[in-house]
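Notes follow once the structure below has been shown.
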Amino acid sequence: MSFEVPDDRRYLESHEWTTTGGDTVRIGVSDFAQDELGDVVFVELPEAGDEISAGEAFGVVESIKAVSDLYAPVSGEVVAVNEALFDRPELVNEDPYGDGWMLEVDPVEAGDADGLLDPDEYDDQIA
């Protein structure tokens with residue numbers, strides 16, 4: 001099975017992604033992760049103004065199969081939360097790289113994402 005792995009992002013081994021190159025970055029879960037989770041029924045996220053730390057849990061996603069922690073690919077201040085997920089958590093399944101994004105973060109370090117998996121490395125991991 002082949003999964004979408006956009007090349008404008010960096011990835012954690014735990015299947016979260018972050019965009020790169022802007023003042024703020026978006027964070028979500030990969031196409032592979034949403035497929036493994038199954039139907040997402042609930043998402044718990046931090047609030048705008050909260051701080052998250054790279055490698056630390058920042059929230060929870062619950063599916064019909066399991067409850068899983070979400071891990072931060074970068075450290076920084078949460079500047080936006082995708083409020084649509086609270087009413088429509090299935091957006092994570094339907095569009096994990098678009099409407100299913102979870103957070104926007106103002107990263108502490110501009111190069112924080114450099115240590116993450118690039119698209120080819122992530123694609124190799126899930127192959």
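The values are calculated or read from the model by the stated rules, or taken from the named source; none is laboratory data. Given the structure is predicted, the values throughout are model-derived calculations rather than measurements. Quick reminder, even Gly has a Cβ in these numbers, built from the backbone with ideal geometry, and neighbours come from all protein chains shown. To get the accessible areas, we keep the full protein, side chains included, count just its heavy atoms, and leave off ligands, DNA and RNA. Shrake-Rupley method; radii C 1.70, N 1.55, O 1.52, S 1.80 Å.
Take the Cα of ASP106, go 7 Å toward its beta carbon, and the backbone nitrogen atoms of the stretch 1-44 under 16 Å from that spot belong to 22-26.
Around the amide H of ASP50, modelled in the peptide plane, lie the amide H atoms of VAL78, all under 5 Å away and 5 or more residues distant in sequence or on another chain.
Sorted largest first by accessible area at a 1.4 angstrom probe radius, with every protein chain in place, the residues TRP101, TRP17 fall in the order TRP101, TRP17.
Taking a sphere under 9 Å around the Cβ of VAL60 and counting the other residues whose Cβ falls inside, with K and R at +1 and D and E at -1, yields a net charge of -3. Only Lys, Arg, Asp and Glu carry charge here, each on its Cβ (+1 for the first two, -1 for the last two); on that basis the chain has a dipole of about 200 debye about its Cα centre.
In order along the stretch 36-47, the phi-based Karplus estimate (6.51 cos²θ - 1.76 cosθ + 1.60, θ = phi - 60°) of 3J(HN,Hα) comes to 5, 5, x, 5, 6, 10, 7, 10, 10, 10, x, 9 Hz; Gly and Pro are listed as x.
Suppose R0 equals 30 Å. What FRET efficiency, 1/(1 + (r/R0)^6) with r the Cβ-Cβ distance, do GLU94 and ASP50 give to the nearest 0.05? Taking R0 as 30 Å, the efficiency between GLU94 and ASP50 is 0.70. Simple rule: put +1 on each Lys or Arg Cβ and -1 on each Asp or Glu Cβ in the chain, find the dipole, and look at TRP101, VAL5, VAL25; the Cα lying farthest toward the positive end is TRP101. Amide H to amide H, with H built 1.01 Å from N, SER63 comes under 5 Å of VAL41, SER68, counting only residues 5 or more places away or on other chains. A Förster radius of 22 Å, combined with the Cβ-Cβ distance separating ASP114 from GLU77, puts the computed FRET efficiency at roughly 0.65.
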